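The values are calculated or read from the model by the stated rules, or taken from the named source; none is laboratory data. Source: prediction; values computed, not measured. Note: ideal-geometry Cβ built from the backbone for every residue, glycine included; neighbour counts use all protein chains shown.
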Amino acid sequence: MATSTGDANAANPLESEEAAHSRWQRVANLLRSGYLVAQRAARGLVRAVHSRWRRSLQLRVVSTTLVISAVVTAVLGFFLIQQVQSGLLDAKESAALSDHKAGLSYAKNVMQNGDAAEQDAQLEQVTQDLSARSGTTGLYEVVIIPSADGVAGWATVDQESVPDRLREEVSSAELESQYLTYTEIVRGDSTEPALAVGAQLTNAFELYYLFPLEHEQQMLTLVQNTMVFAAAALIISFAVIAYLVTRQVVSPVRLAAGSAEKLASGDLSERMKVRGEDDLARLAMSFNDMAGNLQEKIHELEELSKVQRQFVSDVSHELRTPLSTIRMAGDLLYEDREDLDPSMSRSVELLQGQLERFEELLGDLLEISRHDAGAATLTIESVDIRDSVLKAVSDAEQIAERRGIKVVLRLPAEPCTAEFDQRRINRILRNLIVNAIEHSEGKDVIVTAAGDRDAVAVAVRDFGVGLKDGEEHLCFDRFWRADPARARTTGGTGLGLSIAKEDALLHGGWLQAWGAPGKGSQFRLSLPRENGKELRGSPLPLAPPEMAIGRARPVQPASPPDLDSTRSAGGMDA
């Protein structure tokens, strides 16, 4: 039992140490948490102040006025107080020297006319008489000290009030030579600032006057307090004046900025109120004139655009009838081309190809005119994006085979359904795939599809000439071509990507391009799973993964990929 008790007692100190360490650790964690919270709050405050400072012209002007006025007032106040202090002390020194000289003359007369045997009584009488001259106001205190050290003198205050440096100057000077210095009057345990004036009374005695400076100190304190109060009032007045002045300028500028924002957002009827005839009023009138002219020009452009769209639509419709007649005649000639001579047969083939391209161009023009007129509508249905990809690849199969290009599919194993207009999305994907085949320079084209909870996406990647900087936006312009000298081998109209962009926007989706010279390009179509919902992200990256990690050369598949993740396109190798 004794052994067990000893073991328990030996374990208790360890447990106590662990408990104390745990408590200190909790305290340290609390302090660290508090420090982090305070640090975050301080950073937030600094960021808020910095943001407010950058965004508010009025705050900068008022703050700058406060700082400059505070510095100027402090400098002027310092020199003014120095001048007041110097004037008070100079006046005090002049009065002190005059009073001391009068007392010195009186004391000498008393000493010369008196009996030498009664010298002590005379000095005591002189001390009392001179002290009485100061009256009840206590203009000065009188001290008569023998020149010999260790001999008591006559004084109305403690003799320690006379500093040693003044006694040394007086004792080594000639008679009637006055010296002064600043010191403190000692009365028991209390002291007060004073001005000490001394001179030799006789060869054996020295006469000192001690002038209290309490009145001057009070006056200087009053001047300082008055200066501080006046400076504070002046600085605040400057700040208020700066605030009111800048408000007169900043408020119209803010109103002008608000009107400009409304004008930029499309509210062409926005106008500024004109008050007075000053510069700001002229600014408001100029702004209103600009807004009026801009509204007129935009209205003219809108009318012209309507006329142009209507013209394109009317011409496209009107061309359909003669085009149908020409197409029927061309079909008859094309069917009988074998019976014609070689030159005529080739002409008929060229005519047939150009007629097909003409029909495609008319269809694209009509589609563009619908988008411009806002008449394009959607037929929404729930479709698996993989089916649309397969349909688009199948449509481009013959073009890829003629050019000897492989279209590699990377489709997910699970369905990726979304709500969209299948006809328009199929057209987008077909345009992207045909465009990739045309610019792939004989290399593979990779089509990737993916989906997440909110969106589906398809990326079409080629390894051709790529896009230069800035062309990732220009490629969606109508009739834009990266190389104007480059011939269209697939009969494109130059409107395919423009229509695809409009169709994607009509679905609330994105159609984006990435490219680098010599490294190919990639086009990505992203659509929300539910029609009408805002698209916040895409399941696929815009840049290819091998470019995102900084590879110098795109990697092309050298062997057939894994069939679990890749499928071939309609008869083409995977």
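The table that follows gives values for the structure above.
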{"quantity": "Elements of type strands (runs of 3 or more DSSP E) in segment 146-255, at least 1 residues being free of Cβ contacts under 8 Å to residues at least 12 places away in the same chain", "calculated": "190-200"}
{"quantity": "Pairs with Cβ under 8 Å, 6+ apart, first in segment 52-78 and without any contact (Cβ under 8 Å) to a residue 12 or more places away in the chain, second surrounded by 14 or more Cβ atoms within 10 Å (Cβ to Cβ) and part of a helix (DSSP H, G or I)", "calculated": "ARG52/LEU59; TRP53/LEU59; TRP53/ARG60; TRP53/SER63"}
{"quantity": "Among residues of segment 254-285, those that are small (Gly, Ala, Ser) and surrounded by fewer than 14 Cβ atoms within 10 Å (Cβ to Cβ), counted", "calculated": "7"}
{"quantity": "Candidates ASP289, ASP267 - the one that is assigned to a helix (DSSP H, G or I) and modelled with pLDDT of 80 or more", "calculated": "ASP289"}
{"quantity": "Boolean, ALA10 is among the aliphatic types (A, V, I, L, M) and modelled with pLDDT of 85 or more", "calculated": "no"}
{"quantity": "Residue identified as within 30 Å of THR246 (Cα to Cα), part of a helix (DSSP H, G or I) and among the hydrophobic types (A, V, I, L, M, F, W, C) among VAL67, VAL126, VAL84, VAL110", "calculated": "VAL67"}
{"quantity": "Unmet requirement for LEU390, which otherwise passes all of (1) closer than 18 Å to GLN512 by Cα; (2) in a helix (DSSP H, G or I)", "calculated": "(1)"}
{"quantity": "Cross-chain or 6+ apart pairs with Cβ under 7 Å, segment 427-443 first and at pLDDT 85 or above and assigned to a helix (DSSP H, G or I), then surrounded by fewer than 19 Cβ atoms within 10 Å (Cβ to Cβ) and of a type in the set (Lys, Arg)", "calculated": "ILE437/ARG403"}
{"quantity": "First in segment 334-347 and surrounded by 10 or more Cβ atoms within 10 Å (Cβ to Cβ), second anywhere and part of a helix (DSSP H, G or I) and among the acidic types (Asp, Glu), Cβ under 9 Å, 6 or more apart", "calculated": "TYR334/GLU349; ARG337/GLU349; SER345/GLU338; SER345/ASP339"}
{"quantity": "Top-ranked residue of segment 446-503 - restricted to ones that are farther than 30 Å from PRO415 by Cβ and among the basic types (Lys, Arg), ranked as modelled with the highest pLDDT", "calculated": "LYS468"}
{"quantity": "Of residues in segment 114-128 being surrounded by 13 or more Cβ atoms within 10 Å (Cβ to Cβ) and more than 25 Å from PRO163 (Cβ to Cβ), the one modelled with the lowest pLDDT", "calculated": "GLY114"}
{"quantity": "Some residue of segment 302-309 being surrounded by fewer than 16 Cβ atoms within 10 Å (Cβ to Cβ), at pLDDT below 80 and of a type in the set (A, V, I, L, M, F, W, C)", "calculated": "yes"}
{"quantity": "Answer residue from segment 203-213, given it is within 20 Å of GLN128 (Cα to Cα) and in contact with a Lys or Arg (Cβ under 8 Å, 6 or more places away or on another chain) and is surrounded by the most Cβ atoms within 10 Å (Cβ to Cβ) among those", "calculated": "PHE211"}
